[in-house]
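Single-structure report; data block below.
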Amino acid sequence: MKLLARLRSFASALVHRSHLGGEIDEELRAHIQDRASDLERSGLSHVESERRARLEFGGYQKFKEECREAGGVNWLEHLLQDLRFALRMLRKAPGFTAVAVLTLALGIGANTALFSVINGVLLNPLPFPDPDRLVTVAASKPNFSRGSISYPNFLDWHRINQCFSYFAVSRSSGYLLTGVDSAEE
């Protein structure tokens, strides 16, 4: 519940910043005026009591900053100031800006590509019901210890199969066939 109240207070302070600034000014002026009235009742002149009240109260702007910091929105103002400053500096040095943006783009692109590969290969399970039960069947040939099978052999194996639930064929490499017309994979 405290978290919800804090979030509500922060959102209200963020939306009504100018209104809160005016309230803070009024509150601080009221404190100074109260002290000046006390001093005036003790026998000082009006001008002297206001001067002493301001001196006793200290830095008016310092208290305003402390009140803003207590509201929790001050960090956002500092962040916006820093962003504006950074944009001004980047606008002054377009060469540096181009190199920085290009470096960031390449870094983000490389990280995205690397994560996509790692996510697809290592982190996500295979899209099969029981991936631990998958096997690869290959044919041995005179020149190759392990080779791909022809489609007619696949159909024969599929027809006489008695131990596998499903049978599928895949090929890890492709070939380009050229002839009279265009090349075909």
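Some notes on this structure:
- For Lys62, the aspartates and glutamates whose Cα falls under 20 Å of its own Cα, not counting residues fewer than eight places away in the same chain, are Glu23, Asp25, Glu26, Glu27, Asp34, Glu50, Glu77.
- Cα-based shape type of segment 100-145, given that a ≥ b ≥ c are square roots of the gyration tensor eigenvalues and the cut on a/c is 1.5: oblate
- Of Trp75, Trp157, the order by accessible heavy-atom surface (1.4 Å probe, DNA, RNA and ligands excluded), from most exposed downward, is Trp75, Trp157.
- Computed over segment 37-185, relative contact order equals 6 percent, with contacts defined as Cα pairs under 8 Å that lie 6+ residues apart.
- Computed with every protein chain present, the accessible area of Phe154 is close to 20 Å² [probe 1.4 Å].
- Rg of the Cα atoms in segment 138-185, relative to 2.2 N^0.38 Å, amounts to 1.50.
- Largest first, the three principal axis extents of the alpha carbons in the chain are 117, 49, 28 Å in whole numbers.
- Mean Kyte hydropathy of 1.6 or more with a Cα span along the axis of at least 15 Å, helices from DSSP in the chain: 94-118
- Mean separation of Cα contacts under 8 Å (6+ apart) over length of segment 97-185, as relative contact order %: 10
- Only the Cβ atoms of Lys and Arg (+1) and of Asp and Glu (-1) were treated as charged; on that basis the dipole of segment 48-185 about its Cα centre amounts to roughly 360 debye.
- Arg41-Lys2 FRET efficiency (beta carbon distance; Förster radius 45 Å; 0.05 resolution): 0.60
- Relative protection proxy for 110-122, 41-53, from highest mean packing down: 41-53, 110-122 (other beta-carbon atoms within 10 angstrom).
The values are calculated or read from the model by the stated rules, or taken from the named source; none is laboratory data. Since the structure is predicted, the reported quantities are computational estimates derived from the model, not experimental observations. Cβ coordinates were reconstructed from backbone atoms using ideal geometry, including for glycine residues, and neighbour counts include every protein chain displayed. Each accessible area value is taken on the protein alone, full model and side chains, heavy atoms only, with ligands, DNA and RNA left out. Shrake-Rupley method; radii C 1.70, N 1.55, O 1.52, S 1.80 Å.
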